[in-house]
Amino acid sequence: RLLGGQYVFDTQESNLSGNISLLASPAIQVNEQWSLLPTLSSSWRGTKSVQELVGGGTLFQQTQDHAFNLKGVFSPNQSWRYKLGGGYRIQLLKETTDEQWGKGLYDFQKPSANLETEWIYSKEVSVRGGYDFYWIDFRNFTSLESQQKDLGRENATADTLDTTNHGVYLSANFPFPFLNERKGKAEFSYFYTFRNFADQKIVLVSGDLSGDLRRDAHQTVALGGSFPLALTEDVGLVTDIKGNFAQLKSDQNNYDAKKTQFNATYYSYRDFSVSSGFNFLFGKNPIVLTPGFSYLRRNYTDRPVQDSNGNYGSGSVHTNEYYANLSLTYPIHRNFKLHALTNFGWSRSNMKYEKTYRYNYTTFTYLFGILYDY
């Protein structure tokens, strides 16, 4: 994928920029029972984005993301597959345009391992369950607390963001009856991740640090459906709808030294999101037009709201995020497609203090380029 265009973040308009991504997976069939699935992915994003890495929204100017994974698949029969894999990912994040690649404060690497079992009832029905282990290492992160006295005490130690993570998951795919004897497709998934922080100690009500390390538990439940329709002989429509509920429980607190206020369970939240996409397909080698929309509501359990000067008010923080997008894919060859997309997003929150995290912003992007699939 090679896309170029322009983006606007709040009132800041960029020069010509874009995104580049590559995904390759040369599957290897060893014999009737064994196969190997190496996967290489690489991307560069030249458009600004807000990512949540440290407990709130952080703005990045450019992003590189590179990963390699290798999975072995053992299929003793048509009903069962056993998969064992591992990989390595590195993400490079620029907060400023003059920052050097590889020197970013929030650059991280992620070695991982995975074990999965899949039961296949039919071509359309399957159930997967597995276990993930991964370690996240923020290679360049060091605390700025000694220079910025109003930062939280939880960022006082050297490796405060590094974590080891254990996750289990279960997912299922199955069809359901739809209009005109067509079948829809549904997917259910559940993820539970237990996260241990390597060097982030719990903040006490006094503002001091305890000897205990922070631990988080994150759960996600998702349900999605795909609904196919034939509008005419040459026009089809596939509608995708997905709902997601997530909850993070953290035992970490926050002490605002500038305001001398203790904030318990500062990072815990619940959120709900829903997204929809309407894929219009024109012709046998289809031109695809896709409008879509997504919404996310996040409620922080105990994070108190603040005004733009940092003064505390009543109530806890909530955010609403809205995204609208439109894309067009036009085939020009069996493997080449022209691709154009535009998206508009805005985030609104009752939290007005944004010296640490971004809560309120708007973004607009339009990109045009070429997709190559082989």
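Could you check, for region 115-127, whether at least one of its residues is farther than 25 Å from Glu187 by Cα and buried (at least 17 other Cβ atoms within 10 Å of the Cβ)?
Taking region 115-127 as the starting set, the residues that turn out to be farther than 25 Å from Glu187 by Cα are none.
No, that holds for no residue.
Taking region 268-302 as the region of interest, how many residues are under 26 Å from Lys249 (Cβ atoms) and either touching a helix residue (DSSP H, G or I) at 6+ places or on another chain (Cβ under 9 Å) or basic (Lys, Arg) (or both)? Give the steps one after another, and end with the answer.
Quick first cut of region 268-302, residues under 26 Å from Lys249 (Cβ atoms) only: 268-275, 294-302.
With the extra rule that they be either touching a helix residue (DSSP H, G or I) at 6+ places or on another chain (Cβ under 9 Å) or basic (Lys, Arg) (or both), the set shrinks to 270, 297-298.
Residues meeting the conditions: 3.
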### Summary
Within region 296-310, the residues that are open to solvent by 60 Å² or more (accessible area, probe 1.4 Å) and in a strand (DSSP E or B) are Arg297, Asn299, Thr301, Asp302
### Message
Any residue that is surrounded by fewer than 15 Cβ atoms within 10 Å (Cβ to Cβ), over 30 Å from Asn279 (Cβ atoms) and touching a strand residue (DSSP E or B) at 6+ places or on another chain (Cβ under 9 Å) - is there at least one of those in region 221-234?
### Response
no
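Select from region 332-374 the residues that are assigned to a strand (DSSP E or B), of a type in the set (A, V, I, L, M) and open to solvent by 50 Å² or more (accessible area, probe 1.4 Å) and write down the one among them that is farthest from Ser49 (Cα to Cα).
Step one: filter region 332-374 for residues assigned to a strand (DSSP E or B), giving 336-349, 358, 361-372.
Okay, now just the ones that are also of a type in the set (A, V, I, L, M), so 338, 340-341, 367, 370-371.
Narrowing further to those that are open to solvent by 50 Å² or more (accessible area, probe 1.4 Å): 338, 370.
Working: Leu338: 24, Ile370: 22 Å.
My answer is Leu338.
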### Query
Any residue at all in region 77-84 that is open to solvent by less than 50 Å² (accessible area, probe 1.4 Å), out of contact with any Pro (no Cβ under 8 Å at 6 or more places or on another chain), free of Cβ contacts under 8 Å to residues at least 60 places away in the same chain and within 20 Å of Ser189 (Cβ to Cβ)?
yes
### Query
Would it be correct to say that Thr342 is among the polar types (S, T, N, Q), within 30 Å of Thr11 (Cβ to Cβ) and without any contact (Cβ under 8 Å) to a residue 40 or more places away in the chain?
yes
### Message
Just to be sure before I move on: is Thr329 open to solvent by less than 70 Å² (accessible area, probe 1.4 Å) and among the β-branched types (Val, Ile, Thr) in the structure I sent?
### Response
yes
### Query
Within the bounds of region 256-272, is there any residue that is in contact (Cβ under 8 Å) with a residue 12 or more places away in the chain, farther than 30 Å from Asp162 by Cβ and open to solvent by 30 Å² or more (accessible area, probe 1.4 Å)?
no
### Task
Kindly list, by first and then second residue, each pair from a residue in region 204-228 that is at positive phi and part of a strand (DSSP E or B) to a residue that is open to solvent by less than 20 Å² (accessible area, probe 1.4 Å) and modelled with pLDDT of 90 or more, limited to pairs with Cβ atoms under 6 Å and residues at least 6 apart or on different chains.
none
### Task
Name the residue, out of Gly277, Gly315, Gly292, that is open to solvent by 30 Å² or more (accessible area, probe 1.4 Å), touching a residue at least 24 places away in the same chain (Cβ under 8 Å) and in a strand (DSSP E or B).
Gly315
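So, in region 5-16, how many residues would count as being part of a strand (DSSP E or B) and open to solvent by 30 Å² or more (accessible area, probe 1.4 Å)? It would help to see each step written out before you state the result.
Keep residues of region 5-16 that are part of a strand (DSSP E or B), which gives 5-9, 12-13.
Within this subset, residues satisfying the condition of being open to solvent by 30 Å² or more (accessible area, probe 1.4 Å) are 6, 8, 12-13.
Summing the residues that are part of a strand (DSSP E or B) and open to solvent by 30 Å² or more (accessible area, probe 1.4 Å) in region 5-16 gives 4.
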### Task
Please verify whether region 207-220 includes one or more residues that are surrounded by 14 or more Cβ atoms within 10 Å (Cβ to Cβ), modelled with pLDDT of 95 or more, under 30 Å from Val288 (Cβ atoms) and among the hydrophobic types (A, V, I, L, M, F, W, C).
no
### Summary
Exactly one of Tyr295, Tyr266 is out of contact with any Asp or Glu (no Cβ under 6 Å at 6 or more places or on another chain), at pLDDT below 95 and over 23 Å from Leu3 (Cβ atoms), and that one is Tyr266
### Message
Given the condition surrounded by fewer than 18 Cβ atoms within 10 Å (Cβ to Cβ) and either touching a Pro at 6+ places or on another chain (Cβ under 6 Å) or assigned to a loop (DSSP other than H, G, I, E, B) (or both), answer yes or no: does some residue in region 55-69 qualify?
### Response
no
### Task
Would you tally the residues in region 32-54 being open to solvent by 70 Å² or more (accessible area, probe 1.4 Å) and assigned to a loop (DSSP other than H, G, I, E, B)?
2
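Can we say Leu248 is under 30 Å from Ile287 (Cα atoms) and either in a strand (DSSP E or B) or modelled with pLDDT under 90 (or both)?
On the way: under 30 Å from Ile287 (Cα atoms): no; either in a strand (DSSP E or B) or modelled with pLDDT under 90 (or both): yes.
The answer is no for Leu248.
Can you report the number of residues in region 168-184 which are part of a strand (DSSP E or B) and either among the polar types (S, T, N, Q) or over 31 Å from the mean Cα position of the chain (by Cα) (or both)?
Initially, region 168-184 is screened for residues part of a strand (DSSP E or B), giving 168-177, 183-184.
Retained after the next criterion (residues that are either among the polar types (S, T, N, Q) or over 31 Å from the mean Cα position of the chain (by Cα) (or both)): 171, 173, 177.
Number satisfying all stated conditions: 3.
The values are calculated or read from the model by the stated rules, or taken from the named source; none is laboratory data. Predicted, not measured: the structure shown is a model, and the values here were computed from it. Cβ sites come from the backbone with ideal geometry, for glycine too, and all protein chains shown count toward neighbours. To get the accessible areas, we keep the full protein, side chains included, count just its heavy atoms, and leave off ligands, DNA and RNA. Shrake-Rupley method; radii C 1.70, N 1.55, O 1.52, S 1.80 Å.
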